Amino acid sequence: MSGGSAAQRVLQGQALPVENFAQWRDAARDLLMHGVAPEQVTWGAPQRDDLLAGDLFSSAPPPAAPSHNVPTPPASAQDAPTRPAPHIPRSFMEMLQSAACCRVPDRWAFLYRVIWRWTQGEHDVQSPADEDGARLNGMVKAVRREEHDMHAYIRFRERPIEAGAPRFVAWYEPRHDVLPQVAEHFARRMGKVSWMIATPEASVLWDGQTLHETGPLAHNAQELEDDGEALWLTYYRSIFNPARLNAGIMHQHITSDRWKHLPEAKIVPHMIGEASRGARKVGQYEAVGQRKGTTIPIAPEDAQPERHQHPSKLDECRRCELYQFATQAVPGEGPKHAQIMLVGEQPGDQEDLAGHPFVGPAGQLLDQVCEAAGLDRSTVYVTNAVKHFKWEPRGKRRLHKTPGQREIEACHYWYEKELASVKPTVIVALGATALKSVLGTATVTLRDSLGKPMRHDGRWVVTTYHPSYVLRVPGEDAKHEAFSIMVQGLKLARELLDRPPEESSEPGLL
Amino acid sequence: MELKDKLEILADAAKYDASCASSGAPKRDSVDKDGLGATTGMGICHSYTPDGRCVSLLKILLTNFCVYDCQYCVNRRSSNVPRARFSVDEVVKLTQDFYLRNYIDGLFLSSGIIQSSDYTMEQLVEVARRLREEHQFRGYIHLKTIPDADPRLIELAGKYADRLSVNIELPTQDSVTRLAPEKNVHTIKLAMGSIRTKLDEKDDHPKAPVFAPAGQSTQMIVGADASDDHTILSTSQTLYGSYKLKRVYYSAFSPIPQSPSSVPSAPPPLLREHRLYQADFLMRGYGFTAGEIMPEAGNLALDIDPKLAWALANRAHFPLDLNRADEAMIARVPGIGLRSAKRLIDLRRLRRIRWEDLSRLRCSLKKLAPFVVTADYKPAQGMASSEHLRRNMADAPQQMNLWPELQAA
Ligand code: SF4
């Protein structure tokens with residue numbers, strides 16, 4: 001800027017010519033450092049002289065504070081005490097920069113008032129609940145909206161290859177000064193394809209590598225012939241569902257001054273007319289409905305997909321409600337006639353997705369316990385008392401929920417089937433739910449039966465913790481203890497293989 | 001058949017799928033690169049059609065030939081509609097051409113089931129593969145997943161697509177069995193589960209290959225069966241919780257040409273669909289559970305929005321002191337949105353909230369008045385009954401007439 005620093009010029013009673021945000025920012029910094037109040041400043045558009053003075057185009061930063069290179073300022077400004085440059089948070093600065101693109105006549109004065117108030121400690125000047133803040137936010141919003149609209153509603157038309165670059169041209173009339181940032185958006189989008197966006201104030205050209213400002217241009221994009229556009233109109237017409245006609249919403253989204261840029265605008269009235277006149281009962285586009293149709297001659301049996309996983313009977317189970325909320329029923333797994341059967345509570349989140357028991361964190365712990373107990377997991381049959389995952393929503397996750405007596409009873413049907421086919425000698429109940437299911441009663445508690453072998457229906461039943469309990473119990477000592485109780489439980493199960501359980505068919509503790 | 005004719009038929013056939021979003025893809029650009037396309041993560045609606053829905057993607061079917069006979073679907077094998085099939089190249093070219101003209105943000109490709117699930121899925125994947133690998137297309141791609149397809153193909157689809165979706169279509173197993181005999185809720189859930197497993201893997205191991213970075217979604221048709229909103233929301237909750245869905249889209253059933261008698265001949269009110277979206281957003285954005293929104297069987301109220309309905313049914317929480325309540329609870333006040341709740345909390349750090357602040361934040365004063373306390377405001381003593389408030393705040397009847405043409409029909 002010619003004629004000294006911003007503060008000097010203000011004190012000399014001159015208007016501050018500002019054309020862009022960078023200039024305003026430098027001027028504002030200087031004014032703030034000199035404590036110049038907003039009421040004292042007149043912000044003006046740059047005069048022709050100013051432009052010719054060269055400062056606007058020079059790459060040198062405008063002087064921020066008086067220095068010895070600058071002609072001696074008048075006494076008043078020199079005497080004004082200089083404060084340290086204010087520190088403005090970046091997010092706030094970005095907000096100001098964005099608002100500066102808003103075409104309101106007093107934008108520089110308003111922005112200066114805002115930043116002044118902020119440096120005076122009035123930080124709620126940023127908040128929409130403040131009067132200036134509300135306006136500032138409104139300006140930012142208007143600018144964002146315009147950027148968005150341009151991203152969305154610019155329509156490129158293709159020029160014939162022979163015409164050379166640019167291959168695509170668009171014409172648009174922006175409401176605010178957003179062309180530079182919008183051009184960058186399209187530069188990122190179009191790769192090495194050349195294009196030009198023309199507006200009444202300025203134009204930009206992308207040559208495939210660099211953006212060039214080319215000044216205002218008479219608009220001519222509309223006159224290009226473009227076959228792509230005809231296809232687009234076809235698409236637009238067909239994707240519209242006349243049974244849902246709701247033109248009001250459409251107009252809410254695209255205001256009429258935006259519409260005029262859109263090629264589809266010219267067919268909209270006809271589409272609305274057709275849809276409402278015909279009181280369409282079906283969503284089909286008329287031109288499609290008029291064509292000859294075909295049914296597909298295929299017998300229903302042949303249309304049945306070959307499902308990779310044939311749903312088992314278990315998968316069709318509806319003995320309780322749980323099937324509705326789970327992905328799949330998780331059956332037991334293991335050798336057909338395993339001697340030891342481990343019964344857990346129910347599949348968890350991972351098991352529900354995988355379709356196999358004990359594959360999640362609890363499964364990994366179970367592996368460790370088996371190893372410590374000298375039990376090869378591949379020799380045991382592992383199943384759950386309840387075959388579907390029971391859970392409740394917690395935020396966006398599924399939180400395990402203990403099955404109720406009703407579900408345990410309902411699912412007992414499947415447990416018995418497994419029992420009848422595997423015929424294990426020893427059953428290990430992992431946790432209270434399993435115990436209830438295995439004994440078919442809720443009267444025996446986990447605590448009472450831990451580690452004590454029981455005879456039940458001609459089999460040995462051993463009770464121990466569920467691996468999840470080991471994972472969950474707080475404190476390292478408690479974890480270790482629970483872990484070793486589990487190991488002992490499995491060791492006991494191994495030992496029991498050699499003892500006939502048939503001595504008594506009465507259930508009871510030994 | 002000309003390209004234009006195919007486009008006419010295959011866009012028409014695709015319009016019943018409500019998903020349209022193009023958000024959530026990782027940021028990409030084409031600066032100094034071959035090919036084209038960028039994603040900002042936000043998604044852009046490039047136009048709106050007179051049904052009020054946005055156009056952000058080229059939404060088409062690869063083909064509307066289909067061997068399935070889903071009763072609610074215009075493309076069912078027994079339907080007498082004109083059929084067409086795009087070649088892979090045609091879709092690839094159309095996508096790029098539309099993209100260059102800035103009509104769209106990318107492609108949403110679905111298909112009727114032809115030959116077999118695997119064959120169909122292979123074709124869908126091939127379009128995406130060609131766009132990505134041969135043409136370096138960086139725009140958005142959403143592929144419909146055929147639930148019965150080989151998981152290997154689903155994995156491949158996730159490599160190329162930003163989003164995958166498996167449509168549940170109907171909210172209950174019984175309805176699927178009845179109306180979509182070749183489909184199977186079980187395989188649908190399994191497909192969703194396998195997508196979630198892949199998404200989890202990627203979350204746990206950031207170095208794992210890219211897989212559907214914009215996640216998965218699904219669609220449920222509303223009003224083709226007798227399921228009520230209670231059932232629908234509970235199914236949505238199950239799907240959100242189980243499969244990390246980004247969105248459940250609700251699509252009010254549109255009567256189709258030569259409708260079979262197994263589906264209704266009239267559409268449900270579009271307002272019902274709208275209320276479901278509102279309720280869905282309460283679950284996704286506000287942390288409501290389906291049970292809170294719809295404690296009992298039945299449909300959402302049409303005359304008031306679900307948040308207001310919840311507040312009226314839960315008066316014990318109100319009036320809420322805006323200077324003390326936590327953000328989540330403030331957001332539950334009718335007339336105060338998530339953003340305003342956050343702004344109130346920010347403002348509260350500086351000073352006490354006053355009535356005027358609410359009007360500056362453009363909250364709906366009429367709605368919130370009976371539910372809040374501010375530094376200078378308390379609702380009148382002897383508060384009005386919920387019934388009375390409801391009558392006062394019910395949406396104006398003309399708003400219920402969003403679809404006069406349909407009612408006339
Ligand atoms: S939990 Fe058991 S009883 Fe209930 S539905 Fe699943 S398999 Fe059937």
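The values are calculated or read from the model by the stated rules, or taken from the named source; none is laboratory data. Because the structure is a prediction, the values reported are computed rather than measured. Neighbour counts are summed over all protein chains in view; Cβ atoms, including those assigned to glycine, are modelled from backbone coordinates with ideal geometry. These accessible areas exclude ligands, DNA and RNA; they are computed on the full protein's heavy atoms, side chains included. Shrake-Rupley method; radii C 1.70, N 1.55, O 1.52, S 1.80 Å.
Between the Cα long axis of helix A:268-277 and the first principal axis of chain A there is an angle of about 50°, rounded to the nearest 10. For A:Trp171, nonlocal amide neighbours, meaning residues 5 or more places apart or on other chains whose placed amide H falls under 5 Å from its own, are A:Arg155, A:Ala198. For chain B, the longest principal axis of the Cα atoms and the long axis of helix B:229-243 meet at an angle of about 70 degrees.
Over all directions, what mean area does the Cα convex hull of the stretch A:362-488 project, stated in square nanometres?
Working: hull surface 34.6 nm².
Directional mean of the projected Cα hull area for the stretch A:362-488 stands at 8.7 nm².
Rounded to the nearest whole Hz, the Karplus-based 3J(HN,Hα) values (6.51 cos²θ - 1.76 cosθ + 1.60, θ = phi - 60°) of the stretch A:161-177 follow the sequence 3, 4, 5, x, 6, x, 6, 10, 10, 9, 10, 8, 10, x, 7, 10, 7, with x at glycine and proline. Separation of the alpha carbons by more than 20 angstrom is noted, of A:Lys141/B:Lys246; B:Lys27/B:Lys207; B:Lys202/B:Lys244; A:Lys387/A:Lys417, for A:Lys141/B:Lys246. If the segment from A:Arg447 to A:Lys423 were pulled out straight at 0.36 nm per residue, it would be longer than the present Cα-Cα gap by 6.0 nm. Could you work out how far helix B:270-286 tilts from the main Cα principal axis of chain B, as a 0 to 90 degree angle to the nearest 10? Approximately 80 degrees, to the nearest 10. With contacts taken as Cα pairs under 8 Å and at least 6 residues apart, chain B reaches a relative contact order of 11 percent. Annotation: amide H-H contacts under 5 Å for B:Cys45 (H modelled 1.01 Å from N, sequence separation of 5 or more, or interchain): none.
Relative to the compact globular guide of 2.2 N^0.38 Å, what is the alpha carbon radius of gyration of the stretch A:273-392, as a ratio? Walk me through the intermediate numbers first.
On the way: Rg = 24.8 Å, N = 120, 2.2 N^0.38 = 13.6 Å.
For the stretch A:273-392, the normalised Cα radius of gyration is 1.82.
Based on C-alpha pairs under 8 angstrom that are at least 6 apart in sequence, the stretch B:1-158 has a relative contact order of 25 percent.
For the stretch B:197-256, dividing the convex hull volume of the Cα atoms by the residue count gives 88 Å³ per residue.
Taking amide H atoms as placed 1.01 Å from N in the peptide plane, the amide H of A:Asn246 lies under 5 Å from those of B:Asp51, B:Gly52, each 5 or more residues away in sequence or on another chain.
The residues of the stretch A:348-367 occluded by other protein chains by 50 Å² or more of accessible area, set against the chain on its own, are A:Leu353; surface from heavy atoms, 1.4 Å probe.
Scanning chain A for GluC sites (Glu not before Pro) that sit in a DSSP loop and have at most 16 other Cβ atoms within 10 Å, the longest stretch containing none of them is A:307-501.
Averaging over all projection directions, find the projected area of the Cα convex hull of the protein assembly as shown and quote it in nm² with one decimal place. Could the numbers behind the result be given before it?
Details: hull surface 189.7 nm².
Mean projected area for the protein assembly as shown: 47.4 nm², to one decimal.
What do you get for GluC sites (Glu not before Pro) in the stretch B:262-342 restricted to DSSP loop and a cutoff of at most 13 other Cβ within 10 Å of the site's Cβ? All intermediate terms of the calculation are to be shown ahead of the outcome.
Working: sites: B:Glu273, B:Glu292, B:Glu296, B:Glu327; in loops: B:Glu296.
Qualifying residues, ordered by number: B:Glu296.
For the stretch B:1-61, the set of trypsin sites (Lys or Arg not before Pro) satisfying both a DSSP loop assignment and a count of at most 12 other C-beta atoms within 10 Å is given as B:Lys27.
With viscosity set to 1.306 mPa s at 10 °C, what whole-number translational diffusion coefficient in µm²/s follows for chain A from Stokes-Einstein and a Kirkwood radius over Cα pairs? Could the numbers behind the result be given before it?
Values: Rh = 31.5 Å.
Rounded, D is 50 µm²/s.
Roughly speaking, what is the stretch gain from B:Asp150 to B:Glu201, that is 0.36 nm per residue apart minus the C-alpha to C-alpha distance, in nm to one decimal?
Values: separation 51, 0.36 × 51 = 18.36 nm, distance 1.87 nm.
Full extension from B:Asp150 to B:Glu201 adds 16.5 nm.
A simple rule links phi to the HN-Hα coupling: the Karplus curve 6.51 cos²θ - 1.76 cosθ + 1.60 with θ = phi - 60°, which for the stretch A:403-414 gives x, x, 4, 4, 5, 4, 5, 4, 7, 4, 3, 6 Hz, with x for Gly and Pro. A 1.4 Å probe run over the protein chains yields, for chain B, 37 Å² of accessible area per residue, whole-number rounding. Placing a pseudo-label 7 Å from each Cα along the Cα-to-Cβ vector at A:Ala287 and B:Glu126 gives an inter-label distance of 2.8 nm. Applying the Karplus relation 6.51 cos²θ - 1.76 cosθ + 1.60 with θ = phi - 60° to the stretch A:179-196 yields 3J(HN,Hα) values of 4, x, 6, 5, 4, 5, 4, 6, 4, 5, 8, 9, x, 8, 7, 7, 7, 9 Hz, where x marks Gly and Pro.
For chain B, the mean residue ellipticity at 222 nm estimated from helices alone is -11000 deg cm²/dmol, where every DSSP H run of n ≥ 4 contributes -39500 (n - 2.57) and the total is divided by all residues, rounded to the nearest 500. Ellipticity at 222 nm from helices only: DSSP H runs of n ≥ 4 in chain A, each -39500 (n - 2.57), divided by the residue count, give -11500 deg cm²/dmol. Compared with the alpha-carbon gap, the fully stretched path from A:Ala303 to A:Glu173 is longer by 41.4 nm at 0.36 nm per residue.
Under the definition of Cα pairs under 8 Å and six or more residues apart, what whole-number percent is the relative contact order of chain A? Let's see the in-between values first.
Details: 734 pairs, mean separation 40.4, N = 510.
Reported relative contact order: 8 percent.
Could you calculate the FRET efficiency of B:Phe281 with A:Lys192 from 1/(1 + (r/R0)^6), where r is the beta carbon distance between them and R0 is 45 Å, rounded to 0.05? Intermediate results must be reported in sequence, preceding the final value.
Working: r = 41 Å, r/R0 = 0.91.
For B:Phe281 and A:Lys192, the calculated efficiency is 0.65.
Convex hull of alpha carbon positions in chain B: directionally averaged projected area 22.7 nm². When the listed pairs A:Lys336/A:Lys390; A:Lys313/B:Lys189; A:Lys401/B:Lys342; B:Lys59/B:Lys159; A:Lys192/B:Lys6 are checked against a 22 Å cut-off, the alpha-carbon distance exceeds it for A:Lys336/A:Lys390; A:Lys401/B:Lys342; A:Lys192/B:Lys6.
By the Cβ distance rule of under 4.7 Å, the protein assembly as shown has these cysteines without a partner: A:Cys101, A:Cys102, A:Cys317, A:Cys320, A:Cys370, A:Cys411, B:Cys20, B:Cys66, B:Cys363. Counting pairs of Cα atoms in the stretch A:108-147, how many percent are more than 15 Å apart? Cα-Cα pairs in the stretch A:108-147 separated by more than 15 Å: 38 percent.
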